[in-house]
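Everything on this sheet refers to the single structure shown next.
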Amino acid sequence: MLERIKMSTETLSHDMRAPLASIVMIVSLLIKSLSKNNTIGKAKQKDLLVQIKSQANLLMNFAHDLLDIR
């Protein structure tokens with residue numbers, strides 16, 4: 001039983017950390033590019049923002065699924 005709980009906790013931790021790590025990395029790239037005069041193109045900025053939205057949606061759906069468990 002404890003082993004099963006441990007595995008569930010590890011899966012839960014990974015499922016939350018992976019999208020968060022992606023969001024942090026992408027936002028860091030955007031901030032870095034905007035902090036310098038070496039800005040990236042608008043198309044690339046849009047692509048990065050779409051990736052952020054996608055990862056945030058994964059987290060939101062995961063949270064909803066987690067909270068809907070009864």
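The figures follow:
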{"item": "Solvent accessible area, Å² - Val27, 1.4 Å probe, full protein context", "result": "50 Å²"}
{"item": "Nitroxide proxy distance, nm - points 7 Å out along Cα→Cβ at Ala56 and Ile31", "result": "1.5 nm"}
{"item": "The chain - mean residue ellipticity at 222 nm from DSSP helices (-39,500 (n - 2.57) per run, n ≥ 4, rounded to 500)", "result": "-31000 deg cm²/dmol"}
{"item": "Total lysine pairs under 16 Å (Cα atoms) in the chain, excluding pairs fewer than 8 apart on one chain", "result": "5"}
{"item": "Per-residue SASA entry for Met16, accessible area with 1.4 Å probe, Å² rounded to 10", "result": "80 Å²"}
{"item": "Segment 8-70 - percent relative contact order, Cα under 8 Å, separation 6 or more", "result": "47 percent"}
{"item": "Segment 8-70, Cα convex hull volume normalised per residue, Å³", "result": "65 Å³"}
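The values are calculated or read from the model by the stated rules, or taken from the named source; none is laboratory data. All values reported here derive from a predicted model rather than from experimental measurement. FYI the Cβ positions are ideal-geometry reconstructions off the backbone, even for glycines, and counts take in every protein chain you see. The accessibility values were calculated without ligands, DNA or RNA, using every heavy atom of the protein model including side chains. Shrake-Rupley method; radii C 1.70, N 1.55, O 1.52, S 1.80 Å.
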